[in-house]
1. Consider the range A:162-173. How many of its residues are facing chain B (nearest Cβ under 7 Å) and within 19 Å of residue A:83 (Cβ to Cβ)?
2. With touching a strand residue (DSSP E or B) at 6+ places or on another chain (Cβ under 9 Å) and of a type in the set (D, E, K, R) as the only criterion, which of A:250, A:275, A:234, A:271 stands out?
3. Give me the residue from the range A:3-19 that is over 18 Å from residue A:76 (Cα atoms) and surrounded by 21 or more Cβ atoms within 10 Å (Cβ to Cβ) and, out of that set, nearest to the chain's Cα centre (by Cα).
4. For the range B:302-328, enumerate the residues that are closer than 30 Å to residue B:174 by Cβ and either in contact (Cβ under 8 Å) with a residue 40 or more places away in the chain or among the β-branched types (Val, Ile, Thr) (or both).
5. Of all residues in the range A:276-291, which are β-branched (Val, Ile, Thr) and modelled with pLDDT under 95?
6. Of all residues in the range B:153-175 being assigned to a helix (DSSP H, G or I) and hydroxyl-bearing (Ser, Thr, Tyr), which is surrounded by the most Cβ atoms within 10 Å (Cβ to Cβ)?
7. When the residues of the range A:94-129 are narrowed to those that are among the aliphatic types (A, V, I, L, M) and out of contact with any helix residue (DSSP H, G or I) (no Cβ under 9 Å at 6 or more places or on another chain), which ends up surrounded by the most Cβ atoms within 10 Å (Cβ to Cβ)?
8. Tell me which residues, restricted to the range B:64-79, are more than 9 Å from every other protein chain (Cβ to nearest Cβ) and crowded, with 18+ Cβ neighbours inside 10 Å.
Number of protein chains: 2
Amino acid sequence: MTERRYDPTSGEWVTFATHRQHRTYKPKADFCPLCPSRPGSPATEIPFESFEVVTFDNRFPSFSPNPPVPDVEGNGLFGVTTAAGRCEVLVYSDDHTKTMADLSIERVRMLVDIWTDRWVVIGSEREVSYVMPFENKGEVVGTTLSHPHGQIYGYPEIPPRPLKELRSAQRHLSINGTCVECDVVASELEDGRRVVASNERWLAWVPFWARFPYEVHVATKIHRPSLAALDQRDREQLAEILLDVTRTYDALWSFSLPYIMAFHQRPTNEDEAWDEVSHLHIEFSPPNRTRDRLKFLAGSELAGGAFVTDVSPEVAATSLRKARAKKI
Amino acid sequence: MTERRYDPTSGEWVTFATHRQHRTYKPKADFCPLCPSRPGSPATEIPFESFEVVTFDNRFPSFSPNPPVPDVEGNGLFGVTTAAGRCEVLVYSDDHTKTMADLSIERVRMLVDIWTDRWVVIGSEREVSYVMPFENKGEVVGTTLSHPHGQIYGYPEIPPRPLKELRSAQRHLSINGTCVECDVVASELEDGRRVVASNERWLAWVPFWARFPYEVHVATKIHRPSLAALDQRDREQLAEILLDVTRTYDALWSFSLPYIMAFHQRPTNEDEAWDEVSHLHIEFSPPNRTRDRLKFLAGSELAGGAFVTDVSPEVAATSLRKARAKKI
C-alpha cells in the first residue's frame, strides 16, 4: 500500500508507504547496502568497487514516478491520491565510517553540485512541486543506515512547513516590501550575538526563535531563491560554511553530533511568483539539549505545535563559537 | 530566562524557559517528587501521606501567572513578550508503579472531572487563550518522571496545531455548513473499518489519515465543543472509553505502550465564535511502529511537516480490535 490520504481536519496530506516497514534496519557494517560492492562479498546497492558520491532511487520510496493505485477509495470528505513524486538517496562517500564533517572541502563542493542538479532535474518532473534535500544523522533521530548519506524528496505538493514559511514571507512582503529572510539575515549580522560563522556570501547563526537548543540556520547574505540561483562563488562558500558548521557541532562536546539538516527553498511548480518570497536556507536541528540529554517533541510540540526550548539562543551561539575556535 | 519570541518566518511564537534545563530528571523511585511524603523520608512535592489525585503548579513551568521580564528586547522584526500562562501537573495516583490503564473506572472518572474543572478555571484567566491537558507517557517520548501524571498547559494564544484545525473547521463549515469532526465521526462509524471501540456517546478509531501507526482519536458522537459541555453521561462514558483505549494499547504487544495523549477543544478566549467549529477530541499518538521499533520524526516530518506512515490505518485498527478482544 502506497498512497496519500487527505486530513480534512488539518488540510494536510499524509503519505502511506507500508512496504517501508520492511526497509533495511541497522545492518552490521559488513552488510551495509550503501558500501561499495567488493569482490568476494555480496553485492550492495552500489555496483562499484569504489566511488566518490552516488545518487540513486530509494529502494523503499515514499514517493515514486509510477506509484501504485491506492488501496482504498476516497469520498467527498476523505481524499485519496497516488504517492507520485521522487525519493533519492545521496551517498556522500564510500567510506562507511565518515560523516559530512569528515569530508574534504572538494567532496562537499561536489555535494553542492549534486543537490543543485537533482533539485533542477527532479523539480522539472510534472508531478513534483517541491524538492527537499535533507539528512537524518544519528540513530537518535531515527537513521537506520549509518553509512554517510542524505536523501532528496520530490513532493507532489509544497509540504506544510515550507508552505507556512512561504505564506509568512508573502504577508511580510505585502506589508514591508521586503523578503523576511533577507531582513532576518541583515538583523542577525548587525546584532552579532547569535552568529556562529560567516563568510563573504553566507551566514550561519542560531535563530532568535530557535526551536531546538543548538539549531543553526545557514542562509545566503543576498537573496537567492534556490540552489539553482547560486553562482560559482556562492557554491564554493556554501561547501565551506557547511563544513564549518558540522565540524563546529562535533567540537561542541567532542563527539559526532546527530542532527536533522534540510534545505528550504523555492517550490519547483510554476503556480505562483515564488522568487521574491523564497530565500534559500539550510536548517540544522540537533536533538541534544545537553551533551547527554535529548530534547523530545512531546505533548506541547507534537499535539500543540508549540515549542518550548530550554537553552537561550545567545548562550547556545556563544558555546558554538567557543567550540568553533577550539576546532581551528 | 523565561520569555516568548516570535518567528517572523513562520508566524509562530516559541517559548524559552531555560530553568527547565535543571528540572528533575529520571530520579530513582525512592526520590520521586510525585510520590506521597512518607514519615522518615524526605518531603516530596506532595505533602500528604496518601492521596487519590493531586493537581498543582509545575515547579519548572514554561508559562506562569507572573512571568519574569524578558531577557532581550525585541524589535519590529523579532517580537518578544512575557511567558504568561499556566503549567499544572496532574498526578493520577499515589502509586508510583501505576499507569492510566491500571486505574479504576472511578479514578479515571475523577480525572475527567479535574480536567474539566481546570479547563474552566485556567481558561477563565485573562492571559490564557487555550487550555490543553496532555500526558507524555514513557521514557521514549521524553518523560522525565515515571510516576503516573499528566500536565495541563494554559497557553497565552491558541497553539499552532489546534489553530490549524480550527481554521480548517471554519473553512469546512463555510463550504458545507457542518462541523468537520462531526462529519468524520459519522463517516468512520458508518464505514467501521477503522473503529477500535465505541459506546453510546464516544467513538475511538484510527484516523483515515493517521500520522502515527497506532494513532487513536476519541471524540464525542454528538457535537460538544469542550469538556465543560459534557453532561454526566458523557463524562462517565469518556472515563470508560479512555480506560478501554489505554488497556487495548497495553494488550497490543503485552507491554505498557508509551504514548502522547492530548485534548483538542474550544479555545477559552472570546475572540471568535468557536463553539460551532470546536469538537472535543482526544488524540493518542504512540511512537511505536512495531513492538520494538519506533517511528521517528525526522527530515520529512520535522523540516517538511510532511508525515510518512508505515502502517495502514485499517491494519492498525484490526490489530487493535484483536488486542481489545484479548484483554476482555
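The values are calculated or read from the model by the stated rules, or taken from the named source; none is laboratory data. Predicted model, so just to flag it, every value in this text is computed and none were measured. All Cβ positions, glycine included, derive from the backbone under ideal geometry; neighbour counts span all protein chains shown.
1. Total meeting the criteria: 1.
2. Details: A:250 fails: touching a strand residue (DSSP E or B) at 6+ places or on another chain (Cβ under 9 Å); A:275 fails: touching a strand residue (DSSP E or B) at 6+ places or on another chain (Cβ under 9 Å); A:271 fails: touching a strand residue (DSSP E or B) at 6+ places or on another chain (Cβ under 9 Å).
The conditions single out A:234.
3. Looking at the filtered set, the residue picked out is A:15.
4. B:307, B:309, B:313
5. A:290
6. B:168
7. Per the criteria, the residue is A:122.
8. B:64, B:67, listed by residue number.
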